[in-house]
Amino acid sequence: MAGTFTFMWSAEDGIDLHSRAAEVIRAQVESCALSLYGADAVYPGAEEAALDADIRSSANCVRPYHRPLRSGYAFQGTIHAHVVSVESTDTSISAHVCETRTGRARLDPDNPHLYGTPESDVLDGTAGIRIVAQKPADVADTRAGAVRIAQPGTGNPEPRYNVFHPWVFPPFLLPTTKPPAGNLTSDPICESWAAQALNRVPAFAGQNPFHPDGRLRFLTPRALGPEGFPTLPQYPLWPEP
C-alpha cells in the first residue's frame, strides 16, 4: 500500500498542465512515485512505457519494482511538483520538473512511534528532474485530441486508462561509482521553488531550509500527522476514461 498521499502540480507561466505533453510528464512523475509499491500500484501502461528490460545495467523508474515495499513504507500528505519547462514535437517530449516530497509523513500502523512523522527532516527536491519521452513517428497518439480536463464534480486521483501509450521513456545507465558526498543543491530554479513550496507544508512553514553557505538545514516539524502534513486535493484530477 502506497498510502493516502496526493500530488499538487503547478507550472511556469504559459505552460498548460493539461496539454498532452504535460499529461505524459505528470503521469511519469506520479507513477514513478508509486513504482516502489509494485505492479498493482503504478498507472495503467507503465510497464510498457519502460523501454529497458535489463534492470542490471539500466534503470527506469516507470517500471514497477519487482519486490514491492511493505505497508510500513506508506505515506500520507502531499507531493508538490512544478513544471519549469516542456518542449514537444510529434516524436519527443523533454521537460524540466521540480518535485519535493517534504510534504509527506509516514503512515505506518505497525510502528506507532513513527506514525505521522516526516519522511525527511531536510528539504527534498532541490536537484530537479529531467524527463525525456519518445514516440515512433508512424504510431498515432490517440489521446492527442482527447479531453484532458476533468469536468466539474468528476475526476480521479489517478488515471483509469493507459495515459502513456504510445509514449515510452528511454533507460538511463546506473552509475558504477557513488557520487561525491554532499547535498544535491545543484538546480537554482528548483531550490527556490522547493523553498517556497515548503511554506505550503504546515509542519515546516516559515522555516529557512538553507544555511547561509547553501547547505541544507535540518527542519523541525511544528505538527505531525494530518495537521502538519495535510493530504491536499489532487490537482489536476485525471478525467474519466
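The values are calculated or read from the model by the stated rules, or taken from the named source; none is laboratory data. Values in this document were obtained by computation on a predicted structure and should not be read as measured data. Cβ atoms come from the backbone with ideal geometry, glycine included; neighbour counts cover every protein chain shown.
Which residues, taken from segment 1-27, are surrounded by fewer than 22 Cβ atoms within 10 Å (Cβ to Cβ) and aromatic (Phe, Trp, Tyr)?
Phe7, Trp9, listed by residue number.
Name the pairs whose Cβ atoms lie under 7 Å apart, with the first residue in segment 111-130 and under 16 Å from Thr220 (Cα atoms) and in contact (Cβ under 8 Å) with a residue 24 or more places away in the chain, the second in a strand (DSSP E or B) and hydrophobic (A, V, I, L, M, F, W, C), and 6 or more positions between them or separate chains?
Correct list of pairs: Gly116/Ala105; Thr117/Ala105; Pro118/Ala105; Glu119/Phe75; Glu119/Ala105; Val122/Leu216; Leu123/Leu216.
Each row is one residue, and each column tells you yes or no for (1) touching a helix residue (DSSP H, G or I) at 6+ places or on another chain (Cβ under 9 Å); (2) assigned to a loop (DSSP other than H, G, I, E, B); (3) at pLDDT below 90; (4) not basic (Lys, Arg).
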residue	(1), (2), (3), (4)
Thr154	no, yes, no, yes
Arg160	no, yes, no, no
Pro175	no, yes, yes, yes
Asn183	no, yes, yes, yes
Glu191	no, no, no, yes
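Filter segment 191-241 for residues that are of a type in the set (Val, Ile, Thr) and surrounded by 12 or more Cβ atoms within 10 Å (Cβ to Cβ); which is farthest from Glu99 (Cα to Cα)?
Within segment 191-241, the first condition is being of a type in the set (Val, Ile, Thr), and the residues that meet it are 201, 220, 231.
Still in the running and surrounded by 12 or more Cβ atoms within 10 Å (Cβ to Cβ): 201, 231.
Values: Val201: 14, Thr231: 16 Å.
The residue in question is Thr231.
Criterion first (more than 23 Å from Phe204 (Cβ to Cβ), over 13 Å from the mean Cα position of the chain (by Cα) and modelled with pLDDT under 95) does Glu12 satisfy it?
Numbers: more than 23 Å from Phe204 (Cβ to Cβ): yes; over 13 Å from the mean Cα position of the chain (by Cα): yes; modelled with pLDDT under 95: no.
Taking the combined requirement at face value, the residue does not satisfy it.
For Pro166, work out the one condition from (1) closer than 21 Å to Ala41 by Cα; (2) touching a Ser or Thr at 6+ places or on another chain (Cβ under 7 Å); (3) free of Cβ contacts under 8 Å to residues at least 60 places away in the same chain it doesn't fulfil.
Here Pro166 meets the rest and fails (2).
For a quick check of your reading of the model, give me the residue pairs whose first member lies in segment 7-26 and is over 15 Å from Ile79 (Cβ atoms), whose second is assigned to a loop (DSSP other than H, G, I, E, B) and of a type in the set (Phe, Trp, Tyr), with beta-carbon atoms closer than 8 Å and at least 6 apart or on different chains.
Qualifying pairs under 8 Å: Val24/Phe164; Val24/Trp167.
Within the set of pairs 6+ apart or on separate chains, which have a first residue in segment 84-110 that is under 16 Å from Pro170 (Cα atoms) and in contact (Cβ under 8 Å) with a residue 24 or more places away in the chain, a second that is part of a loop (DSSP other than H, G, I, E, B) and among the basic types (Lys, Arg), and C-beta atoms under 9 Å apart?
Hits for this filter: Thr91/Lys135; Ser92/Lys135; Ile93/Lys135.
Can you tell me which residues in segment 15-24 are aliphatic (A, V, I, L, M) and farther than 22 Å from Arg200 by Cβ?
Of the residues in segment 15-24, the ones aliphatic (A, V, I, L, M) are 15, 17, 21-22, 24.
Matches in segment 15-24: Ala21, Val24.
Within segment 112-119, identify whether any single residue is more than 27 Å from Ser192 (Cβ to Cβ) and surrounded by 19 or more Cβ atoms within 10 Å (Cβ to Cβ), and answer yes or no.
Within segment 112-119 (the criterion being more than 27 Å from Ser192 (Cβ to Cβ) and surrounded by 19 or more Cβ atoms within 10 Å (Cβ to Cβ)), the answer is yes, since at least one residue qualifies.
Looking only at segment 36-49, filter to residues that are assigned to a helix (DSSP H, G or I) and surrounded by 23 or more Cβ atoms within 10 Å (Cβ to Cβ); which one of those is nearest to the chain's Cα centre (by Cα)?
Of the residues in segment 36-49, the ones assigned to a helix (DSSP H, G or I) are 36-37, 46-49.
Next cut, surrounded by 23 or more Cβ atoms within 10 Å (Cβ to Cβ) only: 46, 49.
Details: Ala46: 14, Ala49: 16 Å.
Checked segment 36-49; the qualifying residue nearest to the chain's Cα centre (by Cα) is Ala46.
Can you tell which of Gly77, Gly45 is at pLDDT 90 or above, of a type in the set (Gly, Ala, Ser) and closer than 21 Å to Pro226 by Cα? Before the answer, list the steps.
Numbers: Gly45 fails: closer than 21 Å to Pro226 by Cα.
None of the other options fit; the residue is Gly77.
Restricting to segment 93-107, what's the tally of residues that are closer than 23 Å to Glu227 by Cβ and of a type in the set (A, V, I, L, M, F, W, C)?
Here is the first cut: in segment 93-107, the ones closer than 23 Å to Glu227 by Cβ are 100-107.
From the residues that got through so far, the ones that are of a type in the set (A, V, I, L, M, F, W, C) too are 105, 107.
The qualifying residues number 2.
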